[in-house]
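The values are calculated or read from the model by the stated rules, or taken from the named source; none is laboratory data. What you see is a predicted model; the values in this text were computed from it and never measured. Counting neighbours? That spans all protein chains shown, and the Cβs are built from the backbone with ideal geometry, glycine included. Calculation scope for accessible area: heavy atoms of the full protein, side chains included, ligands and nucleic acids excluded. Shrake-Rupley method; radii C 1.70, N 1.55, O 1.52, S 1.80 Å.
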Amino acid sequence: MCYIETMNLDGETNLKIRQGLPETSRYVDANDLMRFKGVIECELPNRLIYDFAGSLKLVDRVPLSLGPNHLLLRGAMLRNTAWVCSVVIYTGHETKLMMNQTSAPLKRSTVDKIVNTQIIMLFLLLCTLCLISAFCNIIWTKQKGSKDWYLQVDEFVTFKFAFNLLTFFILFNNLIPISLQVTVEVVRFMQALFINNDIEMYHEESNTPAMARTSNLNEELGMVKYIFSDKTGTLTRNVMEFKHCSIAGVLYLEGSQKTLINNSKNHPTRDYVLEFLRMMSVCHTVIPEKVKDSNEILYHASSPDEQALLKGCQLFGYVFHTRTPRAVTISALGINEVYEVLTVIEFTSARKRMSVIVRAPNKKIYLYCKGADTVIFERLSRAGEEYKDITLKHLEEFANNGYRTLCFAYAEISEHTYSDWNEEFLKAGNVLTNREGAIDEVAKLIEVNLILLGATAVEDKLQDQVPETIAALIKADINVWVLTGDKQETAINIGFSTNLITQGTPLIILNEPTLDELRESLRQHMSERGPGVGKPDNPLTLVIDGQSLKHALSHDLKMDFLELCMSCKSVICCRVSPMQKAEVVELVTLNTRQVTLAIGDGANDVAMIQKAHVGVGISGVEGLQAACASDYSIAQFKFLLKLLFVHGAWNYNRMSKLILYSFYKNICLYIIELWFAIYSGWSGQIIFERWTIGLYNVLFTAAPPLVIGIFDIVCTANTRLKFPQLYSQTLDTFNVRIFWIWVINAILHSFLLFWICMFALKHEVVWSNGKEGGYLLMGNFIYTYVVIVVCLKAGLHIQSWSYIVHTAIWGSIVAWFVFLVIYSHVWQVFPIGSVFTGMDVMVFSSPIFWILMLFSVTVVMGLDLAALSIQTTTKKSLVQTLRENELRKPNTNNVVNPRHRTNEKARLLENVKSVFNFKSRLQSTTEVEMNHGFAFSQEEGGAVSQSDMIRVYNTCSPTPEVV
């Protein structure tokens with residue numbers, strides 16, 4: 001294996017050949033080049049894309065000329081090409097794909113932003129405490145300076161104030177936990193490992209696991225309110241499959257090939273069936289390719305729908321196998337039939353149909369027209385409407401099942417009529433301005449008096465469990481928006497098949513071509529909503545196309561458009577460019593206080609992935625550009641549920657508790673220095689030994705926040721996936737109000753722990769002999785109680801206990817006692833801790849120590865237990881209810897859905913209703929033609945249209961040999 005690559009050095013283009021690539025390489029097999037020992041000469045004297053000329057010479061071969069006609073731009077798709085030998089040319093950043101890309105932003109989670117703001121507030125509080133303490137020291141100095149002369153108080157008050165201000169700043173600086181950042185990074189790293197190694201998010205077919213490409217947004221996954229999704233390759237596989245058809249009012253479901261073939265022989269609708277199958281085989285722009293040494297035929301089409309229709313024809317014995325510039329040949333039940341192609345009228349979004357005029361083997365001229373029912377029905381003759389009503393009912397049934405539909409009709413045309421019309425058609429094709437409109441006007445003259453044959457149902461293959469995934473996201477109170485480059489009808493159809501839109505959901509469709517018309521339409525829809533504007537409780541779906549979106553994103557309509565979107569449960573944006581996708585995501589991200597997530601699989605989704613708070617890339621068939629630019633990558637859309645509902649919710653809950661607990665434990669200990677300053681003359685004297693202060697966050701309270709952030713589980717994964725409502729219940733776990741509740745709780749605990757000890761030791765009687773141990777002994781009393789309370793506080797808020805959690809909680813308490821014993825005997829062995837000598841004996845031998853430990857811990861933790869009990873009793877959340885039911889292991893269905901508290905027979909009958917034949921799911925509506933769309937998704941306005949291709953293509957010509 002080898003490939004040719006370019007190296008751009010100092011403006012000159014040099015080539016080299018690289019050999020020995022592995023067999024899994026995606027580059028073209030070039031064994032022919034291997035014989036020439038990789039010797040290549042190349043001249044590319046001009047770097048201008050459309051003006052360059054050069055040559056490529058292989059040793060012992062004639063030089064190959066290179067010019068603009070040999071240039072393939074990045075992103076081009078080759079069809080009818082088995083292999084290609086190419087030279088890769090770097091053209092710089094002035095390409096469509098590169099110019100649509102945006103620079104990768106630096107993303108921070110919402111939790112980080114809140115914490116940063118509150119750290120500033122705590123810093124201001126710290127400065128305030130330092131100022132108050134420094135002023136109190138001045139007041140105390142003035143009061144004691146003249147009275148207690150033996151203290152030798154410094155008379156330089158100004159210098160004393162600055163010195164004390166710095167002293168108290170150093171004393172209180174640990175109110176802000178510096179160790180928090182280290183703990184958070186360790187926890188986030190472990191959380192990312194859990195995501196990467198989740199076997200339930202591993203796609204075996206493509207050998208692709210989930211990947212956390214960044215770890216600082218783990219908790220953001222648990223706060224998502226808006227999801228922006230691409231369609232093709234993200235929700236769908238972009239694989240179409242022929243499912244059902246309706247011919248002359250008779251419904252043929254999947255698997256009824258024999259019935260249809262029998263009807264083509266001796267059935268009242270025989271003529272309709274035969275004409276329908278002929279039309280399916282002839283009316284298209286597909287190019288066939290026979291596989292060498294095989295009877296298989298590959299169909300190359302600009303629309304996957306047409307591929308599906310031709311494969312459906314094969315099931316009924318009609319096989320399209322040959323195309324020439326002027327004719328197509330089909331095998332009709334084993335008999336070859338040649339149809340001369342006279343005219344092809346292309347499909348466009350405005351026309352919503354395509355037509356082919358052919359001369360049949362019987363020398364008659366037929367016009368075959370297929371398209372949306374709305375445009376086909378209005379072109380039927382009176383005689384051709386015989387099966388209109390029953391076909392419409394079948395279309396409704398197809399729509400209820402999320403299929404893409406096409407209506408088929410035909411007309412017989414006389415030679416004279418076609419000759420006159422063709423002259424007008426050729427003239428329209430030669431006009432210089434508005435050629436598409438001119439052709440459409442002429443086409444309307446011939447596409448009349450049609451006879452309805454029937455309709456088809458094509459399934460746009462969704463990825464596994466996409467409808468269930470979107471339904472669960474909606475239940476979780478997440479707004480799902482689909483941003484796609486497809487046509488409006490296609491996007492709406494996908495909306496129905498994915499459960500984004502349910503049958504009967506009102507649609508707000510914005511297709512206004514001008515700014516003024518769109519402004520008026522927005523005002524009208526907003527006035528109709530009334531007080532409900534801006535509230536997502538309305539069961540509405542907004543659909544807008546790219547042209548209208550361009551005006552909607554303009555400065556004066558931007559906020560009105562956003563407000564209308566906020567009034568809808570879901571939004572579908574059609575025919576949008578990559579930059580428009582990014583603009584829509586940015587509009588919501590910047591103007592709402594909600595977390596947004598964008599998910600896509602292609603390079604055209606990179607911009608919107610980077611604009612959202614969280615970007616998720618799907619490692620799909622379109623490459624890895626989206627995955628490489630994302631924050632998290634998954635292989636299938638269905639894995640989004642596990643990523644958000646389980647990992648996201650767990651990480652958000654864990655990180656919230658970790659941050660709150662880290663601030664709590666630091667404030668609980670270090671604010672005690674403020675209470676002690678009252679008794680130390682505001683001198684800045686510390687009540688704890690210096691090494692114990694330094695080891696507080698490093699040793700004695702380091703494990704509890706780690707187990708909270710890594711192992712805490714609030715409701716199991718199965719429960720969270722079963723009840724999507726849990727996701728929205730955890731969105732208020734961390735906010736400013738909760739943050740300051742924990743701060744006040746820490747201050748209260750420190751106050752109680754200090755003053756209980758202070759009053760108990762007021763007379764300095766610690767032992768029965770009347771001796772006292774000094775302020776440092778009291779400090780170790782308090783320090784011990786703080787460690788115990790802080791560790792128990794962590795255990796109080798951990799929902800899932802395990803051996804690791806027990807070890808962390810009780811091990812931290814034991815670690816302090818072990819340290820107390822060891823550190824008390826370090827002096828003289830090591831020159832540290834002289835004031836701590838014998839401290840263990842003094843502490844453990846005092847009955848007051850043990851009595852106060854039991855009393856103070858009980859009082860402090862009792863208050864928390866009482867508050868928690870009152871909360872869970874009077875205002876029990878769904879999370880708490882399900883958590884309790886998990887421990888008891890009853891049927892949790894009744895907790896969320898009380899209406900399901902029925903007997904087993906009633907539930908069984910309720911479920912049976914939904915599994916009858918799919919006709920029972922029909923909902924009559926006069927607007928069904930606006931709901932289900934139609935099956936056409938080929939590229940429009942390409943450099944070379946498919947109709948131009950078929951006018952020069954001849955599958956009967958021999959395939960050129962490889963040289």
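Does SER554 satisfy the condition of being more than 18 Å from TYR226 (Cβ to Cβ), of a type in the set (Gly, Ala, Ser), out of contact with any His (no Cβ under 6 Å at 6 or more places or on another chain) and part of a loop (DSSP other than H, G, I, E, B)? So SER554 passes the test.
For ILE832, the conditions (1) in a helix (DSSP H, G or I); (2) farther than 27 Å from SER768 by Cα; (3) of a type in the set (A, V, I, L, M, F, W, C) all hold with the exception of (1).
Of all residues in region 805-837, those that are under 22 Å from GLU884 (Cα atoms) and either open to solvent by less than 40 Å² (accessible area, probe 1.4 Å) or touching a residue at least 60 places away in the same chain (Cβ under 8 Å) (or both) total 1. Contact annotation: residue pairs with Cβ atoms under 7 Å, 6 or more positions apart or on different chains, pairing a residue in region 307-330 that is in contact (Cβ under 8 Å) with a residue 24 or more places away in the chain and closer than 12 Å to PHE242 by Cα with a partner that is small (Gly, Ala, Ser) and crowded, with 22+ Cβ neighbours inside 10 Å, are CYS313/SER281. Checked against (1) of a type in the set (S, T, N, Q); (2) part of a strand (DSSP E or B); (3) open to solvent by 20 Å² or more (accessible area, probe 1.4 Å), THR417 passes all but a single condition, namely (2).
Filter the helices (runs of 4 or more DSSP H) completely within region 574-692 down to those with at least 2 residues that are out of contact with any Gly (no Cβ under 6 Å at 6 or more places or on another chain) and within 30 Å of LEU557 (Cβ to Cβ). So that I can check it myself, show each step before the final result.
Working: elements: 578-591, 606-611, 625-629, 649-670, 672-677.
Where helices (runs of 4 or more DSSP H) fall fully within region 574-692 and carry at least 2 residues being out of contact with any Gly (no Cβ under 6 Å at 6 or more places or on another chain) and within 30 Å of LEU557 (Cβ to Cβ), they are 578-591, 606-611.
Inspection of region 274-281 identifies no residue that is part of a loop (DSSP other than H, G, I, E, B), of a type in the set (A, V, I, L, M, F, W, C) and modelled with pLDDT of 80 or more. Filtering region 738-752 to residues that are open to solvent by 60 Å² or more (accessible area, probe 1.4 Å) and closer than 17 Å to ILE788 by Cα leaves LEU748, PHE751. If we scan region 756-765, do we find a residue that is basic (Lys, Arg) and in a helix (DSSP H, G or I)? No: region 756-765 contains no residue that is basic (Lys, Arg) and in a helix (DSSP H, G or I). Consider region 702-761 and keep the residues that are of a type in the set (D, E, K, R) and free of Cβ contacts under 8 Å to residues at least 40 places away in the same chain. The one that is farthest from LEU193 (Cα to Cα) is ARG737.
For region 440-481, the set of residues classified as in a strand (DSSP E or B), farther than 30 Å from TYR418 by Cα and open to solvent by 10 Å² or more (accessible area, probe 1.4 Å) consists of GLU459, LYS461, LEU462, listed by residue number. Would you please name the residue that is least open to solvent (accessible area, probe 1.4 Å), looking only at residues in region 242-270 that are out of contact with any Phe, Trp or Tyr (no Cβ under 9 Å at 6 or more places or on another chain), farther than 16 Å from THR456 by Cβ and of a type outside the set (S, T, N, Q)? Out of the qualifying residues, it is HIS267. When region 356-409 is limited to residues that are of a type in the set (Lys, Arg) and touching a strand residue (DSSP E or B) at 6+ places or on another chain (Cβ under 7 Å), the one that is nearest to LYS461 (Cα to Cα) turns out to be ARG404. Check region 789-796 and report whether any residue there is surrounded by 20 or more Cβ atoms within 10 Å (Cβ to Cβ) and either of a type in the set (D, E, K, R) or free of Cβ contacts under 8 Å to residues at least 24 places away in the same chain (or both). Taking every residue of region 789-796 in turn, at least one turns out to be surrounded by 20 or more Cβ atoms within 10 Å (Cβ to Cβ) and either of a type in the set (D, E, K, R) or free of Cβ contacts under 8 Å to residues at least 24 places away in the same chain (or both). Of the numbered criteria (1) over 17 Å from SER577 (Cα atoms); (2) touching a His at 6+ places or on another chain (Cβ under 9 Å); (3) of a type outside the set (Ser, Thr, Tyr), the one GLN503 fails is (2).
For region 757-780, the candidate set comprises residues that are open to solvent by less than 30 Å² (accessible area, probe 1.4 Å) and aliphatic (A, V, I, L, M); within that set, the residue that is nearest to ALA794 (Cα to Cα) is MET778. For ARG353, the criteria (1) open to solvent by 30 Å² or more (accessible area, probe 1.4 Å); (2) touching a strand residue (DSSP E or B) at 6+ places or on another chain (Cβ under 9 Å); (3) within 20 Å of GLU436 (Cα to Cα) hold in every case but one, which is (1). Has region 867-880 got at least one residue that is over 26 Å from VAL765 (Cα atoms), of a type in the set (Gly, Ala, Ser) and open to solvent by 50 Å² or more (accessible area, probe 1.4 Å)? Yes. One residue stands out in region 529-572 among those that are of a type in the set (Gly, Ala, Ser) and over 20 Å from ILE492 (Cα atoms): the one that is surrounded by the fewest Cβ atoms within 10 Å (Cβ to Cβ), namely GLY530. On inspection, ILE599 fails the criterion of being under 19 Å from ALA210 (Cα atoms), without any contact (Cβ under 8 Å) to a residue 24 or more places away in the chain and crowded, with 24+ Cβ neighbours inside 10 Å.
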